[in-house]
Amino acid sequence: MRRSAAVLALFVLSPLATAASKDPVIAQAESFLAKRQPNSAYNLLVPLEDERGGDPDFDYTLGVAALDSGRANEAAFAFERCLAIEPKNGPCRVQMARAHMALGENNSARGELQTVNESQPPVEVQNLVAQYLGALNQREVGEKRRIGAWAQIGMGRDSNVNSATADSNILVFFPGGGSLPMVLNQNGVEQSDTFLQGSAGASLQYKLSPAFSILADVGTSSRGYQEWGGDNGFNNIALDGGLGLAWKTGHNSLLTKLQQQAYYLDSDRYRNYTGLLTQYQYALSEAAAFSAYFQGNQLDYRGRRSDATRYTLGTGYSQALSGALSPVFYVGLYGGAEEADNNTPKFNQNFYGARFGGSLGPSRALRFTGSLSVEQRLFDGFDPAVMTADQEDTQIDLSLGAVYQIDPHLSVRPTYTYTVSDSNNPLSDYDRHVVSIDFRYEL
């Protein structure tokens, strides 16, 4: 790769590049690029774009600075202006090919490189173009079939294993007036414990065409408690699988996916989950996207309680910002309903909520994450167990964490989550703290 870069540098030393170096601003930008400081070069040139855009020397140097600093879309616009005036500018056309490669536009990149070859450049440049074409071929083979896999293991402390109220004595209020005390057994009261947890998964993406891909994934996760596992019934295992079809063209992408989960509690199969997810996304820019989704789920509790059908409709917006700490944030709104199949009113509910989150990266190896979600649940019926009618829950979930990349494959991930449920049903009124640390390995 060093030899390729040297050949490209010789190729760039055309009359255009020689003339550019006489301009003090461009010469300063080239100095930054030579020192591998593309952000400095970009910040120097971009304020002058309105004034100097259309000058091939300026546009070429701005394009290189933008491309080397991760702004491939802006680079492509700059190179387009350069080539509009000087279509035979070989260095600019090679850089345009690099921009297309960075944007994933393989066919356009190949077209630019073939145009360079047709101009009969020096043998060294022909060899360089051949290397880029070879890289394109390898990329297309790799993009046709992508396989990923990961495994994670960790431990932590859970302040409320069973998501139960902290009070063993509660009052049950009767609709007509009066109340009756109720004493809860040990399983009905908040219990804390330490745990070990693990998860693993694999995914496959296979391209049927430039626009269509088949997606498949499998995964498993488990948590085992030290004291409240086993016969106490809180150890759990989930087995997940998914199969879908993705379509992407331009700024638009659409995903439709079948989902399946088997959830085991204390080694017994507790619930089956079958769902259909449809999600649309529109890329507003390289760094911003809008999404909307619909999800329908069938919940089979295997006779333990009423089965249910659940529908969710949601929308979201995500944005990556430039500048210090490389901030990324997202917001989302959703709502839906869950209906018991045998029309048991106390299990019927309408729900709606909001999610907020993001991350900050003080370095390439370290990133801090955080999220906050609020969900309101409104139940239809009457729960005779606690004499509660029209139950209302408000649940807030706060999560704070970090990802430290030890090497390209291994990372350590400490996490803290806090959940509080405010409900007029005393059995659903609780809070919970979970602290954990996980090590994750990705292929």
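Please determine whether any residue of the range 284-307 is within 30 Å of Phe77 (Cβ to Cβ), out of contact with any Asp or Glu (no Cβ under 9 Å at 6 or more places or on another chain), among the hydroxyl-bearing types (Ser, Thr, Tyr) and surrounded by 15 or more Cβ atoms within 10 Å (Cβ to Cβ). Yes - at least one qualifying residue is present in the range 284-307. If you check Arg81, Arg139 for being at pLDDT 90 or above and within 20 Å of Glu286 (Cβ to Cβ), only one passes: Arg81. Can you confirm whether Gly63 is in contact (Cβ under 8 Å) with a residue 24 or more places away in the chain and part of a loop (DSSP other than H, G, I, E, B)? Spelling it out, it is not the case that Gly63 is in contact (Cβ under 8 Å) with a residue 24 or more places away in the chain and part of a loop (DSSP other than H, G, I, E, B). When the range 10-39 is filtered for residues that are open to solvent by 50 Å² or more (accessible area, probe 1.4 Å), part of a helix (DSSP H, G or I), at pLDDT 85 or above and not aliphatic (A, V, I, L, M), the ones remaining, listed by number, are Pro24, Gln28, Glu30, Asn39.
Of the candidates Pro91, Pro121, the single residue that is under 20 Å from Ser69 (Cβ atoms) and surrounded by 15 or more Cβ atoms within 10 Å (Cβ to Cβ) is Pro91. Residues that are buried (at least 16 other Cβ atoms within 10 Å of the Cβ) and either among the acidic types (Asp, Glu) or under 13 Å from Thr249 (Cβ atoms) (or both) within the range 208-221 comprise Ser213, Asp217, listed in sequence order. Pull up the range 259-283, narrow it to residues that are of a type in the set (Ser, Thr, Tyr) and more than 24 Å from Asn348 (Cα to Cα), then point me to the one that is surrounded by the most Cβ atoms within 10 Å (Cβ to Cβ). Among them, the one singled out is Tyr280.
Output the residues belonging to the range 242-253 that are exposed (fewer than 14 other Cβ atoms within 10 Å of the Cβ) and in a strand (DSSP E or B).
We begin by selecting, within the range 242-253, every residue exposed (fewer than 14 other Cβ atoms within 10 Å of the Cβ); these are 249-252.
If the condition is that a residue be exposed (fewer than 14 other Cβ atoms within 10 Å of the Cβ) and in a strand (DSSP E or B), then Thr249, Asn252 are the ones that fit.
Note on the range 259-344: enclosed strands (runs of 3 or more DSSP E) holding 2 or more residues that are polar (S, T, N, Q) and under 27 Å from Asn236 (Cα atoms) are 268-283, 288-300, 308-320.
Sort out which residues of the range 68-92 are under 22 Å from Ala34 (Cα atoms), in a helix (DSSP H, G or I) and touching a Pro at 6+ places or on another chain (Cβ under 8 Å), and write them in order of number. Those that are under 22 Å from Ala34 (Cα atoms), in a helix (DSSP H, G or I) and touching a Pro at 6+ places or on another chain (Cβ under 8 Å): Asp68, Cys82, Gly90, Cys92.
The values are calculated or read from the model by the stated rules, or taken from the named source; none is laboratory data. Everything numeric in this text was worked out from a predicted model, so none of it was measured. Reconstructed Cβ throughout: ideal geometry from the backbone, glycine too, with neighbour counts over all protein chains shown. These area figures cover heavy atoms from the full protein model, side chains too; ligands, DNA and RNA do not enter into them. Shrake-Rupley method; radii C 1.70, N 1.55, O 1.52, S 1.80 Å.
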